[in-house]
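The values are calculated or read from the model by the stated rules, or taken from the named source; none is laboratory data. Owing to the predicted nature of the structure, the values given are computational and were not obtained by experimental measurement. So basically every Cβ, Gly included, is an ideal-geometry build from the backbone, and we count neighbours across all protein chains shown. Protein only, heavy atoms only, side chains kept; ligands, DNA and RNA dropped before computing areas. Shrake-Rupley method; radii C 1.70, N 1.55, O 1.52, S 1.80 Å.
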Amino acid sequence: MSPSRLEAFSDGVIAIIITIMVLDMKVPDNAYIESLKPVLPVFLSYVLSFVYVGIYWNNHHHLFKAAETIDGSIMWANLHLLFWLSLFPFATGWMGENNFAPSPMALYGAVLLLAAIAYSILQRLIVARQGKDSKLAASIGRDVKGKVSPILYAAGIVLSFFRSEIAGLIYVFAALLWLVPDRRIRRAVEPKNEHE
């Protein structure tokens with residue numbers, strides 16, 4: 001089966017996730033600049049989640065561009081990833097509405113952790129389908145960022161109950177690690193441009 005239909009479905013779900021997150025932001029009921037202060041935590045939560053969803057969308061695109069074929073296990077693994085991504089609006093809203101309180105911060109970290117695990121499972125299944133000697137397998141290599149990120153999320157979950165601001169900084173740092181798209185896969189599967 002071609003991966004293009006699965007990628008199109010995933011793109012649609014991700015677009016809906018971003019739309020739900022922005023629709024959860026409430027507009028202040030007056031025109032004074034001070035009225036924005038109470039919604040600042042909600043806005044900052046939205047920005048962080050938008051970045052994370054964008055990172056997943058970008059890397060998902062490159063991963064499926066490298067996938068020549070997919071099977072049922074890849075389809076279910078993709079749904080597993082989309083499930084955790086679909087919880088971003090809830091976790092984002094709860095965290096922002098409660099000014100980064102410990103429990104919402106921990107839940108946000110748990111959603112990040114489980115989405116990272118789901119992406120890792122999806123990536124491993126696609127690599128297994130392509131073969132250990134494939135260009136995709138070579139491009140992923142040791143996947144240091146993929147191994148470090150879950151550790152950071154787990155640390156953020158624990159720290160949420162002691163110093164939620166440090167947990168927030170960990171979540172931001174992990175996002176910054178991934179902000180630049182994973183070029184390894186793109187380089188491995190796309191033909192070289194003569195002008196590069």
> Across the range 8-38, what is the number of residues that are touching a residue at least 24 places away in the same chain (Cβ under 8 Å) and open to solvent by less than 60 Å² (accessible area, probe 1.4 Å)?
Replying inline: 7
>> Going by what's in this entry, would Ser49 be described as open to solvent by less than 10 Å² (accessible area, probe 1.4 Å), under 13 Å from the mean Cα position of the chain (by Cα) and either within 28 Å of Ile126 (Cα to Cα) or not polar (S, T, N, Q) (or both)?
In response: yes
> Trp84 is checked against (1) without any contact (Cβ under 8 Å) to a residue 40 or more places away in the chain; (2) surrounded by fewer than 17 Cβ atoms within 10 Å (Cβ to Cβ) and fails just one. What number does that condition carry?
Replying inline: (2)
> What tally of residues in the range 93-130 results from selecting those that are farther than 30 Å from Met25 by Cβ and either aromatic (Phe, Trp, Tyr) or open to solvent by less than 20 Å² (accessible area, probe 1.4 Å) (or both)?
Replying inline: 2
> Within the group Phe90, Phe43, Phe64, which residue is in contact (Cβ under 8 Å) with a residue 24 or more places away in the chain, among the hydrophobic types (A, V, I, L, M, F, W, C) and open to solvent by 60 Å² or more (accessible area, probe 1.4 Å)?
Replying inline: Phe43
> Looking at the range 157-167, which of its residues are open to solvent by less than 60 Å² (accessible area, probe 1.4 Å) and free of Cβ contacts under 8 Å to residues at least 40 places away in the same chain?
Replying inline: Leu159
> How many residues does the range 67-81 hold that are in a helix (DSSP H, G or I) and surrounded by fewer than 19 Cβ atoms within 10 Å (Cβ to Cβ)?
Replying inline: 6
> Restricting attention to the range 53-91, and to residues there that are under 10 Å from the mean Cα position of the chain (by Cα) and not hydrophobic (A, V, I, L, M, F, W, C), which single residue is nearest to Ala110 (Cα to Cα)?
Replying inline: Tyr56
>> Could you tell me how many of the residues in the range 95-154 are at pLDDT below 80 and not in a helix (DSSP H, G or I)?
In response: 7
> Right, Ile170: open to solvent by less than 50 Å² (accessible area, probe 1.4 Å) and either over 21 Å from Val47 (Cα atoms) or assigned to a helix (DSSP H, G or I) (or both) or not?
Replying inline: yes
